[in-house]
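Reviewing the structure listed below.
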Amino acid sequence: MKEELIVSLDPGSDKIAGMVATARDNSIKVIGAHRLEYEQEVVRRGRVVDLEGLTQYVLQILKELEQQTSKPLRLVNLCVGGGFVRGWLASKVMPLESKRRKITNSDLELLLRQIQNESKFSSDAKILHLLPQEYVVDGETRVKKSPEGMFGNSVESKVHICVVSNNPLQNFIQCVRNAESLVDRIYPHSWACAEHLLSEEEKKRGVLLIDFGKGTTDFLVYIDGNLVATYSIPVGGEFIDRDISQILGTPIQYAEELKKNYGWCNFDLLNQEKVDILQQRVKVYSISGKLQGEVQAGAISRIVYERIYEILTKVIRGQIERHLKDLKSPAYLGAGIVVTGGSSLLKGFVSAVERIFGRPTRIGIPKGLHGVPKNCQYPEYSAVIGVLFLRYKELLYAQEPEPPLIGKITKVRDKILSRLNNWWDKW
């Protein structure tokens with residue numbers, strides 16, 4: 001494979017992060033990385049609220065990356081979330097017209113088109129990705145790669161369909177265009193994180209990945225090696241900041257400091273054990289900056305715990321159980337849970353997740369990519385790094401005659417996606 005330049009952008013709720021990597025044959029290396037904290041609100045809960053403002057940040061970060069790499073950066077890969085991304089597993093069985101015959105590429109393409117046409121979603125949504133997960137021949141033979149050339153009486157395809165709402169996505173695309181660049185690929189936030197944080201063994205055993213950010217939370221579920229659900233909700237760590245601010249009457253920024261320094265997500269457990277840390281006295285300042293008194297760290301932790309409990313139980317677990325009935329049994333998450341994103345570093349967050357879901361939990365930290373600066377090797381950079389991996393694997397796939405699937409991508413899917421890509425061009 002000739003050397004390719006990959007640019008990734010993650011426009012979050014409080015910052016924008018960007019990276020540049022060079023990819024060649026079986027190696028990928030980061031050669032540029034930068035982040036910018038927003039000085040004003042341009043993205044709220046995963047959606048653009050200031051088009052010109054975000055455009056300027058995209059311009060600034062691309063300019064900095066161009067200076068670092070001494071290369072023009074005109075193609076950008078984005079990751080998105082924020083409640084306008086949703087994915088589910090769809091399946092369909094197609095009897096073959098002549099029994100006991102070879103399965104052809106035309107059969108598979110027709111089957112994929114039928115699944116696409118029969119999928120129901122709102123009129124303002126578009127398909128972002130069609131991701132074949134596996135095929136089943138004659139109702140019993142499971143095939144992870146293309147079954148083309150195999151003999152059968154019927155073939156079933158299981159496909160992960162990911163859709164996005166039109167307008168929110170178009171706003172991000174427009175910001176990149178206004179910055180004199182073009183969007184190459186777009187990936188769901190959780191897919192980017194999962195690409196380099198989850199092992200194939202975890203996917204086979206069943207795993208839930210939660211990307212807990214400041215303004216949004218993105219999560220996905222793998223069962224038996226198949227991506228069965230993709231979610232994105234406009235709820236994140238900033239909700240805790242607002243709770244603390246309103247209850248204690250303190251500025252949002254100071255409330256965030258209180259959350260990070262004194263808030264324990266596993267307050268219920270610590271309170272039962274009567275640990276001394278909850279008795280610590282903490283000064284609280286008013287909106288005007290005056291000292292208005294002190295509170296115990298336990299009071300702050302209770303606020304944090306109540307919001308975390310609501311997000312994890314009513315929102316995340318609730319959505320999963322409504323759409324995936326089998327997941328009411330934790331056995332389907334044999335590999336447990338992986339959490340990432342900036343808010344996953346809150347004190348006691350892993351413990352809280354384990355208690356609520358009853359499954360072992362670990363923090364996903366981006367590792368294993370050459371050239372990533374040390375200050376970017378934290379959960380909040382999981383998505384922007386993951387985008388590099390996703391695009392790199394697609395480039396490798398394009399070079400191989402019989403490639404491994406990137407999340408079980410097949411040649412059939414590419415034919416369908418080539419038509420979908422025309423949709424981006426029309427924008």
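When THR69, THR141, THR104 are checked against the criterion of being modelled with pLDDT of 90 or more, out of contact with any strand residue (DSSP E or B) (no Cβ under 7 Å at 6 or more places or on another chain) and more than 29 Å from LEU220 (Cα to Cα), a single residue qualifies: THR104.
So that you can scan it fast, the table gives a plain yes or no per residue for (1) over 19 Å from the mean Cα position of the chain (by Cα); (2) over 30 Å from LYS63 (Cα atoms):
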residue	(1), (2)
ILE173	no, no
VAL176	yes, no
ARG185	no, no
TRP191	no, no
GLU200	no, yes
LYS203	no, yes
ASP218	no, no
ILE233	no, yes
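Here the range 24-35 is the region considered, the condition is being modelled with pLDDT of 95 or more and not β-branched (Val, Ile, Thr), and the residue that is surrounded by the fewest Cβ atoms within 10 Å (Cβ to Cβ) is LYS29.
Selection over the range 259-292 of residues that are in contact with a helix residue (DSSP H, G or I) (Cβ under 8 Å, 6 or more places away or on another chain), of a type in the set (A, V, I, L, M, F, W, C) and loosely packed, with under 15 Cβ neighbours inside 10 Å gives a count of 1. Evaluate the following for ILE303: is it crowded, with 20+ Cβ neighbours inside 10 Å and either closer than 30 Å to LEU227 by Cβ or hydroxyl-bearing (Ser, Thr, Tyr) (or both)? Criteria not met by ILE303.
Can you give me the number of residues within the range 368-389 that are touching a helix residue (DSSP H, G or I) at 6+ places or on another chain (Cβ under 8 Å), surrounded by fewer than 22 Cβ atoms within 10 Å (Cβ to Cβ) and either without any contact (Cβ under 8 Å) to a residue 40 or more places away in the chain or under 21 Å from VAL228 (Cα atoms) (or both)?
Residues of the range 368-389 touching a helix residue (DSSP H, G or I) at 6+ places or on another chain (Cβ under 8 Å): 368-369, 372, 376, 378-380, 382-387, 389.
Of the ones still in play, those that are also surrounded by fewer than 22 Cβ atoms within 10 Å (Cβ to Cβ) are 368-369, 372, 376, 378.
Applying the additional criterion that residues be either without any contact (Cβ under 8 Å) to a residue 40 or more places away in the chain or under 21 Å from VAL228 (Cα atoms) (or both) yields 378.
Result for the range 368-389: 1.
Reported count of residues in the range 36-56, each being touching a residue at least 24 places away in the same chain (Cβ under 8 Å), assigned to a strand (DSSP E or B) and surrounded by fewer than 19 Cβ atoms within 10 Å (Cβ to Cβ), is 2.
Per-residue answers, yes or no, for (1) among the basic types (Lys, Arg); (2) at positive phi; (3) under 23 Å from the mean Cα position of the chain (by Cα):
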residue: GLN40; (1), (2), (3): no, no, no
residue: LEU62; (1), (2), (3): no, no, yes
residue: ARG74; (1), (2), (3): yes, no, no
residue: LYS99; (1), (2), (3): yes, no, no
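Please tell me if ILE311 is within 22 Å of GLY81 (Cβ to Cβ), surrounded by fewer than 21 Cβ atoms within 10 Å (Cβ to Cβ) and out of contact with any Lys or Arg (no Cβ under 8 Å at 6 or more places or on another chain). Give the derivation first.
Values: within 22 Å of GLY81 (Cβ to Cβ): yes; surrounded by fewer than 21 Cβ atoms within 10 Å (Cβ to Cβ): no; out of contact with any Lys or Arg (no Cβ under 8 Å at 6 or more places or on another chain): yes.
Answer is no for this residue.
Looking only at residues in the range 231-261 that are farther than 24 Å from ILE316 by Cβ, of a type in the set (S, T, N, Q) and assigned to a helix (DSSP H, G or I), which one is modelled with the highest pLDDT? Selected residue: ASN261.
Which one of LYS145, LYS204 is part of a helix (DSSP H, G or I) and surrounded by fewer than 22 Cβ atoms within 10 Å (Cβ to Cβ)? Lay out the reasoning, then the answer.
Numbers: LYS145 fails: part of a helix (DSSP H, G or I).
Residue meeting the stated conditions: LYS204.
Total residues in the range 83-115 satisfying the condition of being of a type outside the set (D, E, K, R), under 23 Å from GLY149 (Cα atoms) and touching a residue at least 12 places away in the same chain (Cβ under 8 Å): the figure is 14.
Does at least one position in the range 149-163 carry a residue that is under 20 Å from ILE363 (Cα atoms), buried (at least 18 other Cβ atoms within 10 Å of the Cβ), touching a residue at least 60 places away in the same chain (Cβ under 8 Å) and β-branched (Val, Ile, Thr)?
Here is the first cut: in the range 149-163, the ones under 20 Å from ILE363 (Cα atoms) are none.
Checked against the condition, which is being under 20 Å from ILE363 (Cα atoms), buried (at least 18 other Cβ atoms within 10 Å of the Cβ), touching a residue at least 60 places away in the same chain (Cβ under 8 Å) and β-branched (Val, Ile, Thr), the range 149-163 yields no hits at all.
Elements of the type helices (runs of 4 or more DSSP H) sitting completely within the range 310-427 and holding at least 3 residues that are modelled with pLDDT of 95 or more and within 17 Å of the chain's Cα centre (by Cα): these cover 382-399. Among the residues making up the range 230-265, a single one is touching a Leu at 6+ places or on another chain (Cβ under 6 Å) and within 30 Å of VAL143 (Cβ to Cβ): THR230.
The values are calculated or read from the model by the stated rules, or taken from the named source; none is laboratory data. Owing to the predicted nature of the structure, the values given are computational and were not obtained by experimental measurement. When we count neighbours, we look across all protein chains shown, and the Cβ atoms used for this are built from the backbone with ideal geometry, even at glycine.
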